[in-house]
Amino acid sequence: MPTQIKFGTSGWRAVMAEDFTFANVRRAVGGIARHVVSQKPQGARALVGRDPRFLGETFCSMAAEILSAHGITPLMVTEPAPTPAFAYAVAQTKADGVINFTASHNPPEYNGIKFSTPDGCPALPEVTRKIESEIEAGDRANSKSEVKSNAGIVQETLDVKAGYLKRLGEIVDLEVIRKANLQVCFDPMWGAARGYSDALLRDAGVSVATVHDYRDVLFGGHAPEPDDHLLNDLREKMRSTGAHIGIATDGDADRFGIVDADGTFLQPNFVIALLFDYLVESRGWKNGVAKSVATTNLINAIAKARGVELYETPVGFKYIGELIMQDKIAIGGEESAGLSIRHHVPEKDGVLAGLLCCEMVARRGKSLGEQLNALRNQVGSYYPRRENFRLTPEVQEKFTKKLRFDPQEFCGHGVSEVVRTDGLKLVFADGSWVCYRLSGTEPVVRVYSEARSGRDLEILSKAAKQWIFE
């Protein structure tokens, strides 16, 4: 039996040489190709690109071969590029989709495929289900039609960088950053944003220093994830250059990491909240704000204070992307470090997030910590946390059954609201909450907790773990 290929919240990912093999890549791309042809039988075009991972060039060539065999013209992006750059380019070129070989922030032994639809949005579940069905149909047919030599392939090359950077220059006030003499440090984490954030700022006359600005398919021996514990090299560069802010992106640059002038890492929850408040203030946008069910209620408090409609979505940026497409929101974000804004791509954009933080610090003339303290003084303090717990088969079976019921009581506290937007979220009378989401790929439960003080968070976090195993 061939490996079952399942597209999760952000594509299909697997360990190379285990499930991410040449044979399975052919199956996956064949399924995508058949789906694209079902939507546009004649004259379809699809972008093909990658992040800097091992064998990315080879996978792109294979995809071009398979697409051509199905009558689809591949638009080949020859250099690694950010996922949001592909999202922008597919809409601008009016192509029929994007096949992007990336495992995002996963460790270096992984690779993956993200498929984006013609609007630049990550494929919604109804699309990925169709692709999975096409893969299964291809398996049943045992067709060899897509496995051909490179001879006769008709393909075009496409530069996604220039247009994407031009668009970012229209969104971000680079002149404000330059006039403030902001000193910036940038860490692309050996990933796809190399030559993007730093190049745009330098061209605008901003002083930028970089770390990890070269290709390393092993990403320094760890996941290319811009999280607190992996940004010490960025902090050191900030100290040596006197930087006001450090910005980082993950492997495919759809996620961000932000470090304040004093070396403090800002939780993505707080970055999204600050930028929401800043965009309302600086752009006057009050059409709405979106957050995933697992993201901080600090955003709820700002929305109430600013008179802005709040949308709470399931986890997965595609749901926020739909709201951006409908122009219902000024900004949307997830606690896992993904955001985008009005009049931009319906996809997470880590490059944009970092640049907007630079603009916010430059215009307000205050550090991110100072701005966060001011915001807390206005709307209150919120303390969020995310934890993962691995489950034995017995505990997983028992806990899965437990999640089907709406509890009236939680570790001695009454439950005031049960939310099932995604997983099980329990809201308590004081505004604190806990949310449980089972992983679809491993025996893990993700637990999101938020309280109104640090002390209460410790108590809630302990209770949230206890509830799993009791």
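When restricted to residues that are assigned to a helix (DSSP H, G or I), loosely packed, with under 14 Cβ neighbours inside 10 Å and not hydrophobic (A, V, I, L, M, F, W, C), the range 439-470 contains 4.
How many residues are assigned to a loop (DSSP other than H, G, I, E, B) and crowded, with 24+ Cβ neighbours inside 10 Å if we restrict to the range 336-364? Counting residues in the range 336-364 that are assigned to a loop (DSSP other than H, G, I, E, B) and crowded, with 24+ Cβ neighbours inside 10 Å gives 6. Among the residues making up the range 365-375, those that are under 26 Å from the mean Cα position of the chain (by Cα) and assigned to a helix (DSSP H, G or I) are L368, G369, Q371, L372, L375. Apart from one condition, E170 fits all of (1) part of a loop (DSSP other than H, G, I, E, B); (2) at pLDDT 95 or above; (3) loosely packed, with under 13 Cβ neighbours inside 10 Å; the exception is (1). Here is a check on your reading of the model: is F59 aromatic (F, W, Y) and modelled with pLDDT under 95? Criteria not met by F59.
For the range 248-304, a tally of residues being among the charged types (D, E, K, R), outside any helix (DSSP H, G or I) and under 25 Å from V427 (Cβ atoms) returns 1. Out of V15, V29, one residue alone is aliphatic (A, V, I, L, M) and not in a strand (DSSP E or B). It is V29.
Please work out which residue is surrounded by the most Cβ atoms within 10 Å (Cβ to Cβ), limiting yourself to the range 406-426 and to residues that are of a type outside the set (D, E, K, R) and farther than 17 Å from Q466 by Cα.
G423
All of I99, I72 fail the test of being surrounded by 23 or more Cβ atoms within 10 Å (Cβ to Cβ) and without any contact (Cβ under 8 Å) to a residue 40 or more places away in the chain, apart from I72. The listed residues are V351, V447, V427, and the only one of them that is among the aliphatic types (A, V, I, L, M) and over 22 Å from the mean Cα position of the chain (by Cα) turns out to be V427. If you check Y436, Y382 for being among the hydroxyl-bearing types (S, T, Y), without any contact (Cβ under 8 Å) to a residue 40 or more places away in the chain and either in contact with a Gly (Cβ under 6 Å, 6 or more places away or on another chain) or surrounded by 17 or more Cβ atoms within 10 Å (Cβ to Cβ) (or both), only one passes: Y436. Residues that are within 22 Å of the chain's Cα centre (by Cα) and without any contact (Cβ under 8 Å) to a residue 60 or more places away in the chain within the range 260-286 comprise F265, F276, listed in sequence order. Taking the criterion of being closer than 14 Å to N269 by Cα and assigned to a strand (DSSP E or B), the residues of the range 313-335 that qualify are I331, G332, G333, E334.
The values are calculated or read from the model by the stated rules, or taken from the named source; none is laboratory data. Keep in mind it's a predicted model, so treat the numbers as computed, not measured. Because the Cβ atoms are built from the backbone with ideal geometry, glycine has one as well, and the counts that use them run over all protein chains shown.
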